[in-house]
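Step one of this worksheet: look at the structure below.
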Amino acid sequence: MNNWVTNGRVPVTERIVGLIISVIVVMVLASDGFGQGKVVAGYVKDTRRSDGFFNNLAVQLKINGEALSGARGIRVSVSKALDDTGKNLIKEEKQGKRFEEIDANSQGETRIEIELKSPERRAATVQEVAGSVEIFAPAKDPRSIVAVPAFTKIVGKPIASPALKAAGIEVIIWTKEIFEARKKAEEARLKKEMEDKSKKVEQSGKLEDALELLGEGLAKAFGSMFSSFAEMDENDIAFNVTDAGSKLIGIDIEDDKGKAIENNGRMTIGGDPRTIIYNFKEKLPATARIRLYILTPRSVTTVPFKLSAVPLP
């Protein structure tokens, strides 16, 4: 049976609508004259199902201006979101906690999507969406950049850095061999833990206990920093990151002259700690270096925004 229904206004389930609205120009809240930023609405996507699952309203924000010069990360906080019936659309659990990486060569514009609750069916517009966009630009604060030369020589040990320590960040570099050994040990630990819990479920004989155990097992299989689906090739490099404050925004891998070394992709598994795996066709040179980008107060520019009467699809 098809569970998808229309939103009562147009005969489609999910529709992306390009919106042309007045540009909301906002002054950057910074005292150093770093520049202005502009925030405007992009597409609006209203997704609804008759069973109520996965209902949401996605609004794309387009950000541009001088504040994006050299930016490496962005985070959006929504303080107010109402449809024209007065319904509160804020999803507290979707408020940005971690900065999202952006391309440093984005040429002064980037886009990010915010997720809100579905509006009332009779609503025609999002009356107001307001909040702030935080832009991380390491060029504003040299202390936000940690350079590590010849980093492949210190695999298996935490990177020694006062800046990382002060930020509460620990980064350990892993090769394929180290990753596989850690993964094997973690899988053995989880297997024993689940076996012990299975015995308790058998003793209780309760269906709800069995379902809870199944859900826990799936969560650990997919969410662990040693996910059973994660693999490393011979030339890959992994960074095991412990970062409770979500202050590590990005990592660049370069040659000894500062030129970026191209990779074939990146995978991140786990939450905190998390493991970031970079895939390379060839073995990295012994002289390769890394740059770690750390969130500091001076490296962040805050751009407030307010969008009004955003049409719904």
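How many of the residues making up region 48-62 are under 21 Å from Glu128 (Cβ atoms) and either small (Gly, Ala, Ser) or modelled with pLDDT under 90 (or both)?
Total satisfying the criteria: 3.
Quick one: Pro311 ticks every box in (1) free of Cβ contacts under 8 Å to residues at least 40 places away in the same chain; (2) touching a Leu at 6+ places or on another chain (Cβ under 8 Å) bar one, so which box is it?
(1)
For (1) small (Gly, Ala, Ser); (2) at pLDDT 85 or above; (3) part of a helix (DSSP H, G or I); (4) under 12 Å from Val129 (Cα atoms), each residue gets a yes or a no:
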{"position": "Asn64", "(1), (2), (3), (4)": "no, yes, no, no"}
{"position": "Gly70", "(1), (2), (3), (4)": "yes, yes, no, no"}
{"position": "Ile74", "(1), (2), (3), (4)": "no, yes, no, no"}
{"position": "Ala81", "(1), (2), (3), (4)": "yes, yes, no, yes"}
{"position": "Thr85", "(1), (2), (3), (4)": "no, yes, no, no"}
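Could you check region 165-184 and list, in sequence order, the residues that are more than 24 Å from the chain's Cα centre (by Cα) and under 16 Å from Ile269 (Cβ atoms)?
Lys176, Ile178, Glu180, Arg182, Lys184
I'm trying to understand the selection: among the residues of region 289-311, which are surrounded by fewer than 20 Cβ atoms within 10 Å (Cβ to Cβ) and either outside any strand (DSSP E or B) or among the polar types (S, T, N, Q) (or both)?
Hits for region 289-311 are Thr296, Pro297, Arg298, Thr302, Ser308.
Restricting attention to region 19-27, does a residue exist that is loosely packed, with under 15 Cβ neighbours inside 10 Å, modelled with pLDDT under 90 and hydroxyl-bearing (Ser, Thr, Tyr)?
yes
Scan region 256-269 and tell me whether some residue there is within 21 Å of Glu100 (Cα to Cα) and in contact (Cβ under 8 Å) with a residue 40 or more places away in the chain.
Yes, because at least one residue in region 256-269 is within 21 Å of Glu100 (Cα to Cα) and in contact (Cβ under 8 Å) with a residue 40 or more places away in the chain.
The values are calculated or read from the model by the stated rules, or taken from the named source; none is laboratory data. Computed from a prediction, not measured in an experiment: that's the story for all the values here. Because the Cβ atoms are built from the backbone with ideal geometry, glycine has one as well, and the counts that use them run over all protein chains shown.
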